[in-house]
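Q: Okay, handing you the structure first.
The values are calculated or read from the model by the stated rules, or taken from the named source; none is laboratory data. It should be emphasised that the depicted structure is a prediction, and the values quoted were computed from it without experimental measurement. Neighbour counts run over all protein chains shown; Cβ positions are idealised from the backbone, glycine included. What goes into the accessible areas is simple: the full protein's heavy atoms, side chains included, and nothing from ligands, DNA or RNA. Shrake-Rupley method; radii C 1.70, N 1.55, O 1.52, S 1.80 Å.
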Amino acid sequence: MIRIREIELHEIRLPLKEPFRISSGLCTERRIMLLKVRDADGVTVWSECVAAEEPNYASETIDTAWMVVSEYVAPRVFGAEFEQAADVHPALDHNFRGHNMAKAAVEMASWALVAQRDGIPLARLLGGTRTEIPTGISIGIQKSPEALVERVGRALADGYRKIKCKIEPGHDLEFLHAVRAAYPDAPLMADANNAYTLKDAAHLKHLDVLHLVMIEQPLAYDDIVRHAELQHMLTTPICLDESITSVDRAEDMITLKSGRIINIKPGRVGGFQQARAIHDLCAKHGIPVWCGGMLESGVGRAYNVALASLPNFSIPGDLSPSSRYWERDVVKPEWTMSADGIIQVPLDHAGIGVAVDEDRIDNITVRKQTLSAH
Ligand code: OSB
Ligand code: MG
């Protein structure tokens, strides 16, 4: 039985080591919402809400998610007893539209509570089979093709198994051609974060000669139909990110042939129940998936690593180690990657597998609210 009785919301600030620019916005410092969730027996876990500072990736922001968790999500779980963690999402989704990231922060904590309580690693509770996660990097838009080539070269030297370059009109073909010329065999991909429309189809067709592993979300953030038309014209596989907000949208993509790969971010789809259902559906249809990132702290990363241990996560995820983002992370040990681009799934500990540095979190918390069942 899962009985959540208290949720502490914390906002922390973590400056990024390197500014991250994508077509839809720039991030230099993350405002991160962490949750400390306690059940009726006093078992506690930390989770992370991946909503960003601004509504430029999804409609949610840290501030909307904070309000929604405190006004709508917490009251629903405080009043409930769940047989298993998979029952939390249906309860949060019933007559409660959207706000997937706010829902996911509590839904995913429910899985961690069960893992913690039962003494098993979160990855195994989810059904993960991998012990090692091949890792990719997501590189922001750079000021020149030369700068991008240099940045990609460093990432390859670091051992990353997949290199994703953010693109937008004016920072695309020339930049990617320079990278391909410098690294003819590198596993490269591009992520447009909705920067194009179907009018750009002929332009995007020029990507095909670069043999990219995929192009992620070229068209509108909520589109499925136009991506089908574009995919029909391209040999480069399309991967959907923003558009896949539920298992139904994944089914739409498969039915309409709008893409051949899915980037699963558990926060974007409302948590692990939906993330696993998308994983299973894709496995059944021969669609590979990989785990995307939202510039999470080490807390959110633990959840992503656990999810990425499922068998059909067959493409390296955006799961860089702590040192790629932060001077100092909020977990111990910090997340590290081997010289050949592998992150180990922490299987020696129950729950999320890393300890949360609560003293450090207290030190950098700028806003806090405690929600309790009455
Ligand atoms: O589109 O995948 C994206 C970060 C913020 C918002 C959207 C995206 C990203 C990334 C970052 O690509 C990946 C990471 O966390 O390293
Ligand atoms: Mg993306």
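Q: What residue, of Ala65, Ala40, is of a type in the set (A, V, I, L, M, F, W, C) and under 19 Å from the mean Cα position of the chain (by Cα)?
A: Sole residue among the options that is of a type in the set (A, V, I, L, M, F, W, C) and under 19 Å from the mean Cα position of the chain (by Cα): Ala65.
Q: Additional query: I'd like the full set of residues that are assigned to a strand (DSSP E or B) and either under 27 Å from Met67 (Cβ atoms) or free of Cβ contacts under 8 Å to residues at least 40 places away in the same chain (or both), limited to region 333-373.
A: Ala355, Val356, Thr365, Val366, Arg367, Lys368, Gln369, Thr370, Leu371, Ser372
Q: So for region 48-55 (the condition being under 16 Å from the mean Cα position of the chain (by Cα), crowded, with 19+ Cβ neighbours inside 10 Å and more than 16 Å from ligand 2 (Cβ to nearest atom)), does at least one residue qualify?
A: yes
Q: Scan Leu319, Leu295 and give me the residue that is on the phi > 0 side of the Ramachandran plot, under 16 Å from the mean Cα position of the chain (by Cα) and within 16 Å of ligand 2 (Cβ to nearest atom).
A: From the options Leu319, Leu295, the qualifying one is Leu295.
Each row is one residue, and each column tells you yes or no for (1) away from ligand 2 (no atom under 16 Å from the Cβ); (2) basic (Lys, Arg); (3) open to solvent by less than 20 Å² (accessible area, probe 1.4 Å).
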site: Ile4; (1), (2), (3): yes, no, yes
site: Val43; (1), (2), (3): yes, no, no
site: Ala58; (1), (2), (3): no, no, no
site: Val77; (1), (2), (3): yes, no, yes
site: Pro90; (1), (2), (3): yes, no, no
site: His94; (1), (2), (3): yes, no, no
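Q: Considering only residues that are within 16 Å of ligand 1 (Cβ to nearest atom) and among the aliphatic types (A, V, I, L, M), look in region 243-277 and name the one that is surrounded by the fewest Cβ atoms within 10 Å (Cβ to Cβ).
A: Ile261
Q: Just to verify a result, which residue in region 160-184, among those that are under 27 Å from Ser338 (Cα atoms) and either outside the structural domain of Ile139 (by TED's automatic domain parsing) or within 15 Å of ligand 1 (Cβ to nearest atom) (or both), is surrounded by the most Cβ atoms within 10 Å (Cβ to Cβ)?
A: Lys164
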